[in-house]
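The values are calculated or read from the model by the stated rules, or taken from the named source; none is laboratory data. Bear in mind the structure is a predicted one, so any value in this text is a computation, not a measurement. In this analysis, Cβ positions are derived from the backbone assuming ideal geometry, glycine residues included, and neighbour counts consider all displayed protein chains. The accessibility values were calculated without ligands, DNA or RNA, using every heavy atom of the protein model including side chains. Shrake-Rupley method; radii C 1.70, N 1.55, O 1.52, S 1.80 Å.
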Amino acid sequence: MMWQTGQPNEEGWYLCAWRMGSFFVYEVGRWEDKNWKTQLGETPDTWAQIDSPTKQNETLDNLYKYAQ
């Protein structure tokens with residue numbers, strides 16, 4: 001997972017982070033209609049694309065198949 005700044009190219013769910021002093025606050029947010037939709041209501045300082053649980057399970061299944 002790579003942290004990025006700016007605007008995502010695709011609508012979807014992202015892990016968002018806001019700097020709070022020397023720490024970060026994390027929240028899952030949605031990029032939709034060229035706007036962030038988050039509980040904090042602010043543009044995150046950084047974000048990372050995340051896969052759905054279904055997609056993660058498919059990836060693990062494929063890795064398991066190729067490992068055998």
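Details
- Looking only at the stretch 1-24, residues that are exposed (fewer than 14 other Cβ atoms within 10 Å of the Cβ), under 24 Å from Gln56 (Cα atoms) and of a type in the set (A, V, I, L, M) come to 2 in all.
- Selection within the stretch 13-40 - hydroxyl-bearing (Ser, Thr, Tyr) and assigned to a strand (DSSP E or B): Tyr14, Tyr26
For (1) within 13 Å of the chain's Cα centre (by Cα); (2) not acidic (Asp, Glu), each residue gets a yes or a no:
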{"position": "Met2", "(1), (2)": "yes, yes"}
{"position": "Thr5", "(1), (2)": "yes, yes"}
{"position": "Ala17", "(1), (2)": "yes, yes"}
{"position": "Phe24", "(1), (2)": "no, yes"}
{"position": "Val28", "(1), (2)": "yes, yes"}
{"position": "Asn35", "(1), (2)": "no, yes"}
{"position": "Thr38", "(1), (2)": "yes, yes"}
{"position": "Pro44", "(1), (2)": "yes, yes"}
{"position": "Asp61", "(1), (2)": "no, no"}
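- Single condition Thr43 does not satisfy, out of (1) open to solvent by 80 Å² or more (accessible area, probe 1.4 Å); (2) assigned to a loop (DSSP other than H, G, I, E, B); (3) touching a residue at least 12 places away in the same chain (Cβ under 8 Å): (3)
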